[in-house]
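To start, the structure under review is shown below, and the notes come after it.
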Amino acid sequence: MYDVVIIGGGPAGASAAIFTAKAGKKTLVLDSDQSVTRRAWIENHYGAPDITGPDLVEAGKKQAAKHGAEFVTAKAAKVTSQNGTVKVETEDGNAYEGTHAILATGMFADLAEASGIQTKPGTEPRIKTIVDCAPDGKTNLANVWAAGTIAGVSMHTIITAGDGAKVAINVISELNGERYVDHDVLKS
C-alpha cells in the first residue's frame with residue numbers, strides 16, 4: 001500500500017510527487033499522459049524560461065522519480081475511500097491503494113464525477129467543471145484531495161505546480177501528525 005496515490009503527472013501531480021516522495025512517503029503517480037501542458041510553449045515559468053510543455057512535464061517526472069516516486073501509465077476510472085484506505089481503480093482493471101490520494105487531473109473532471117466527489121462550475125476559460133474542495137485541497141471523500149486546475153486554481157503551469165506542492169505539504173502534515181516543512185540549505 002502507498003502513502004499517497006497521485007492521479008495525474010502534469011505540473012500539479014509531479015510537483016506533489018516531488019514533495020511527498022522527498023518526504024519519504026511511498027508515492028505512486030498514475031498518469032494517462034493527457035496533460036494539456038504537453039501541447040504548451042512556456043515563457044512565463046519561473047526558473048524554466050522558454051521551455052516546451054513536454055520538456056517541463058518530463059523534467060517534473062524525472063525530479064519526482066529521483067526522490068523515489070513510482071510512475072504507472074494508466075487512466076484512473078474510479079476512486080473510493082473506506083476505513084482509512086483510498087482505492088484507485090484504472091480503466092485497464094488494476095487497482096492501487098493508498099492512505100491518501102491527490103487528484104491532479106487538470107481540466108478533466110470525469111474521474112471526480114464517477115467517484116462521487118462533489119464538483120461545481122469552473123471559473124477559468126474552457127474549464128467547465130472543477131472539484132468543490134476546501135482551500136487546503138480536501139474533497140468530500142475522506143483522504144482524497146484535489147490540486148491544480150481541477151481544484152479551481154488558474155491553469156498556468158507555475159500556479160498548478162505550486163498548488164500541487166501546497167496540497168502535498170498538507171497531506172504530508174496530516175500523515176506526520178504535525179506541520180511539515182521542506183526547506184533545504186546549501187551545503188558548503
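The numbers here are math on the coordinates, done by the rules we state, and not lab data. None of these values were measured; they are calculated from a predicted model. Neighbour counts are summed over all protein chains in view; Cβ atoms, including those assigned to glycine, are modelled from backbone coordinates with ideal geometry.
Counting other Cβ atoms within 10 Å, keep those with at most 16, restrict to DSSP loop, and tell me which GluC sites (Glu not before Pro) in segment 1-89 are left.
Working: sites: GLU43, GLU58, GLU70, GLU89; in loops: GLU43.
Those satisfying the criteria are GLU43.
Hey, what number do you get for the chain at 222 nm if only DSSP H runs of n ≥ 4 count, each worth -39500 (n - 2.57), divided across all residues, to the nearest 500? Can you show the working numbers first?
Details: 4 runs with 51 residues, N = 188.
Value at 222 nm, helices only: -8500 deg cm²/dmol.
Please get the size of the charge dipole for segment 2-176, origin at its Cα centre, with Cβ charges of +1 on Lys and Arg and -1 on Asp and Glu, quoted in debye to the nearest 20.
Working: 16 positive and 19 negative charges, 36 e Å.
So the dipole magnitude of segment 2-176 works out to roughly 180 debye.
Under 1.5 on a/c is rounded, so check that first for the chain, then, if it is not, pick prolate when a/b is larger than b/c and oblate when it is not; a ≥ b ≥ c are the square roots of the alpha carbon gyration tensor eigenvalues. Please report the intermediate quantities before stating the final value.
Numbers: a/c = 1.42, a/b = 1.10, b/c = 1.29.
The shape class here is rounded.
For a quick check of your reading of the filter: which chymotrypsin sites (Phe, Trp or Tyr not before Pro) in segment 11-55 sit in a DSSP loop and have no more than 10 other Cβ atoms within 10 Å? It would help to have the intermediate numbers written out before the result.
Numbers: sites: PHE19, TRP41, TYR46; in loops: TYR46.
Counting only loop positions with at most 10 other Cβ atoms within 10 Å, the chymotrypsin sites (Phe, Trp or Tyr not before Pro) in segment 11-55 are TYR46.
Counting alpha carbon pairs within less than 8 Å and at least 6 residues apart, what relative contact order, in whole percent, applies to the chain?
Working: 427 pairs, mean separation 45.4, N = 188.
Here the relative contact order equals 24 percent.
Looking at the chain, which longest stretch skips every one of the trypsin sites (Lys or Arg not before Pro) that is in a DSSP loop with at most 11 other Cβ atoms within 10 Å, leaving the sites themselves out? Mind dumping the intermediate values first?
Details: sites that count: ARG126, LYS128, ARG179, LYS187.
The longest uninterrupted stretch comes out as 1-125.
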